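The values are calculated or read from the model by the stated rules, or taken from the named source; none is laboratory data. Only a predicted model underlies this, so the values are computations on that prediction, with no experimental measurement involved. So basically every Cβ, Gly included, is an ideal-geometry build from the backbone, and we count neighbours across all protein chains shown.
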Amino acid sequence: MSDRNAMLDVAGLRKSFGSLEVLRGIDLSVAPQELVFVIGPSGSGKSTLLRCCNRLEEPDEGSIRVDGVELLDPKTDINAMRRRIGMVFQSFNLYPHMTVLSNVTLALRKALGKGRAEAREIGEAALARVGLADKVDAYPAQLSGGQQQRAAIARAVALEPKIMLFDEPTSALDPELVGSVLAVMRELREAGMTMVVVSHEMRFARDAADRVVFMDHGAIVEQGPPEQVFGAPEHARTRSFLADFAA
Amino acid sequence: MDRFADAFLNPAVIEKYLPDILRGMLVTIEVAAAVVVTGVLAGLLLASARSFRIRPVNALIVLFVDVFRALPPLVIILIAYFGLPNVGISLSGFTVLWLVLSLVLAAFAEEIFWSGILSIRKGQWEAARSTGLGFLQTLAWVILPQAVRMTVPPLTNRTIAITKNTALGAVIGVPEILMQAQTAQSFSGNATPLLIGSLAYVALFVPVVAVGRWLETRFAWGRA
Ligand SMILES: Nc1ncnc2c1ncn2[C@@H]1O[C@H](COP(=O)(O)OP(=O)(O)O)[C@@H](O)[C@H]1O
Ligand SMILES: [Mg+2]
């Protein structure tokens, strides 16, 4: 079951909130440079799965290996691992009291101990990569939603993560701003980033995902290449979920 | 009118006791400044400690905060000054005044900082932690700068209210403004020193109120 070469290897993952079983034994392996797209109804446990993968949620049971390191081992330095796992949130979560550049360089400086000049150089490069070279000194509130999300992506990218987790990165955006964020994600994928993306952007999934995973009620119902899952879904639940979306 | 002037603005009395009252002003400034520094810092430390959410620790913090917010400062001052020597702890009036007012300010400041910390969205913690910053680093660089900014108005108000309590030093022999004015009043049999004393308070606290107002406008943009 477990795959030694996987960048992310989740096995037997269980998580409950009180009596509510949110993840009921998830097995998911993501290869280096793979883009795995996770879809499923609201409340099916997609966010919880992603949040377990950097231990923002504490799993009850199972194993999560990132680049071969067991996250749930108490001896694992979780802060060091989190630097290797980029996370992008639906609500951006930029630090409102800091400039965009400081948002990007904070962890470089305080967690990695890089000097001001070096952090600035890395931060500016990351911001240039997401098309925000001219916004380094702006505050988050001065940016559009799409720009804020790209800045948040730059904040994660600047740490040179091994894998990036996206939790509905475009759901909070006006439709006309979605494209710029997806373009940045596409560029990351082309540069070889390993990515797990929870999203409802089915068109993006169709042409950018290597694999689509459909989750329902805390379990993976089916998975496969996008053309298979979208074109010929095996399970009734997948079909009805996709039908709701097409409508 | 003459009787009024004689009772409250007697030139001879002013000349004789003004130096005492000015010395009292210095003492008031010293106590007030010390109280502001230790009280606000202690409040910030307590609120930070509380954010670790360790049950027994938080229960103690809440108990301390509730007690020191509930008791009138004068009561605590009297207990500390007249009661503590019975258990072998003798503190000078200055120390008691500073300590008690610092603790009272710490209690109020803790509540203010804590509600500031609570008002920061969970996503801020999560974003910072997800980049590998530790708990304390997140608190120091992400949470507190935002929380403190929001607490400036209530904190300045509370700080001013509590530093005015330095006048309570008069009951335990701290030679601050009120004590000096009262002594002068009883020696001279004239109320002039009390009026000079109140002018001294005005001279001291009006600038503090003004600075507080300036801080409020300065930090008001915080939640853009
Ligand atoms: N911190 C929490 N406490 C209690 N219940 C939670 C918590 N987080 C999520 N849940 C519940 O877990 C279920 C799965 O949530 P989530 O992982 O956010 O689903 P999805 O991202 O697929 O919409 C939902 O029923 C949600 O209400
Ligand atoms: Mg979700």
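The figures follow:
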{"item": "Where a residue in segment A:140-156 is within 14 Å of chain B (Cβ to nearest Cβ) and within 22 Å of A:R83 (Cβ to Cβ) and its partner, wherever it lies, is basic (K, R) and surrounded by fewer than 24 Cβ atoms within 10 Å (Cβ to Cβ), with Cβ under 6 Å and at least six apart", "result": "none"}
{"item": "Check on A:L49, within 16 Å of ligand 2 (Cβ to nearest atom), under 17 Å from the mean Cα position of the chain (by Cα) and within 18 Å of A:M195 (Cβ to Cβ)", "result": "yes"}
{"item": "Which listed residue is under 22 Å from A:H97 (Cα atoms), among the charged types (D, E, K, R) and part of a helix (DSSP H, G or I), from B:R158, B:R129", "result": "B:R129"}
{"item": "Where A:L177 falls short, out of the listed (1) modelled with pLDDT of 95 or more; (2) away from ligand 2 (no atom under 16 Å from the Cβ); (3) under 17 Å from A:Q90 (Cβ atoms); (4) away from chain B (no Cβ under 14 Å)", "result": "(1)"}
{"item": "Of the criteria (1) facing chain B (nearest Cβ under 9 Å); (2) within 16 Å of ligand 2 (Cβ to nearest atom); (3) not in a loop (DSSP other than H, G, I, E, B), which one A:N54 fails", "result": "(3)"}
{"item": "The listed residue being within 18 Å of the chain's Cα centre (by Cα), away from every other protein chain (no Cβ under 14 Å), on the phi < 0 side of the Ramachandran plot and not charged (D, E, K, R), out of B:V57, B:V87, B:V65", "result": "B:V65"}
{"item": "Tally of residues being surrounded by 15 or more Cβ atoms within 10 Å (Cβ to Cβ) and within 16 Å of ligand 2 (Cβ to nearest atom) across segment A:14-27", "result": "4"}
{"item": "Meets criteria (surrounded by 24 or more Cβ atoms within 10 Å (Cβ to Cβ) and either within 16 Å of ligand 1 (Cβ to nearest atom) or over 21 Å from A:M98 (Cβ atoms) (or both)) for A:P169", "result": "yes"}
{"item": "Residue count for segment A:180-220, restricted to those that are touching a strand residue (DSSP E or B) at 6+ places or on another chain (Cβ under 8 Å) and either within 13 Å of ligand 1 (Cβ to nearest atom) or within 14 Å of chain B (Cβ to nearest Cβ) (or both)", "result": "12"}
{"item": "Failed criterion for A:A31 (all others in (1) in contact (Cβ under 8 Å) with a residue 40 or more places away in the chain; (2) closer than 20 Å to A:I163 by Cα; (3) of a type in the set (G, A, S); (4) touching a strand residue (DSSP E or B) at 6+ places or on another chain (Cβ under 7 Å) hold)", "result": "(4)"}
{"item": "Single residue of B:A32, B:A107 found to be farther than 14 Å from B:T166 by Cα and either touching a Leu at 6+ places or on another chain (Cβ under 6 Å) or crowded, with 22+ Cβ neighbours inside 10 Å (or both)", "result": "B:A107"}
{"item": "Lone qualifier among B:N190, B:N165 - being part of a loop (DSSP other than H, G, I, E, B) and farther than 30 Å from A:L112 by Cβ", "result": "B:N190"}
{"item": "Strands (runs of 3 or more DSSP E) fully within segment A:190-241 counting 2 or more residues that are surrounded by fewer than 22 Cβ atoms within 10 Å (Cβ to Cβ) and out of contact with any Asp or Glu (no Cβ under 8 Å at 6 or more places or on another chain)", "result": "A:219-224"}
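Okay, residues lined up against (1) assigned to a helix (DSSP H, G or I); (2) within 14 Å of chain B (Cβ to nearest Cβ):
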{"site": "A:S42", "(1), (2)": "no, no"}
{"site": "A:A80", "(1), (2)": "yes, yes"}
{"site": "A:F92", "(1), (2)": "no, yes"}
{"site": "A:A126", "(1), (2)": "yes, yes"}
